[in-house]
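First comes the structure, then the notes that go with it.
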Amino acid sequence: MIRQIGAKRKIDVLVSTHNPALLNELGPEMISFVMVAHRDPIEGDSRLTLLEEVEHLPKLLASGRLGTIASTGALEKALNKGTKRLQPKTHAETDCLPGMDAALNTPSNNER
């Protein structure tokens with residue numbers, strides 16, 4: 001229904017959800033448009049990954065619909081399994097965060 005309204009009005013529609021029922025209603029033709037927000041278990045930062053880039057996606061989808069695999073943790077497990085960071089972040093990657101070096105190097109409230 002959302003696709004039809006978007007097409008009728010000639011607009012793009014962005015939907016954000018954790019609702020398994022809504023995710024289960026996405027057809028296979030929508031897979032290439034789905035982006036998954038998740039936390040990197042090593043670095044702790046947030047990541048956006050295209051669903052079609054998830055390792056072993058066909059096998060995951062064969063085990064159930066998208067909402068089901070998301071709500072059971074199978075999708076998160078697959079995302080975390082593929083997470084590897086071979087080198088620490090470079091300073092250039094954090095240059096956009098002025099003052100963070102000082103904040104990261106100060107003792108925490110527990111250490112004071």
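The values are calculated or read from the model by the stated rules, or taken from the named source; none is laboratory data. Remember, it's a predicted structure, so these values are computed and weren't measured experimentally. Cβ sites come from the backbone with ideal geometry, for glycine too, and all protein chains shown count toward neighbours. We work out accessible area using only protein heavy atoms, side chains counted, and drop any ligands, DNA or RNA first. Shrake-Rupley method; radii C 1.70, N 1.55, O 1.52, S 1.80 Å.
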Would you mind telling me which numbered condition in (1) closer than 18 Å to Ser16 by Cα; (2) open to solvent by less than 100 Å² (accessible area, probe 1.4 Å); (3) over 13 Å from the mean Cα position of the chain (by Cα); (4) in contact (Cβ under 8 Å) with a residue 40 or more places away in the chain Ala70 fails? (3)
Of the residues in the range 16-48, those that are open to solvent by 70 Å² or more (accessible area, probe 1.4 Å) and among the hydroxyl-bearing types (Ser, Thr, Tyr) come to Ser16, Ser46
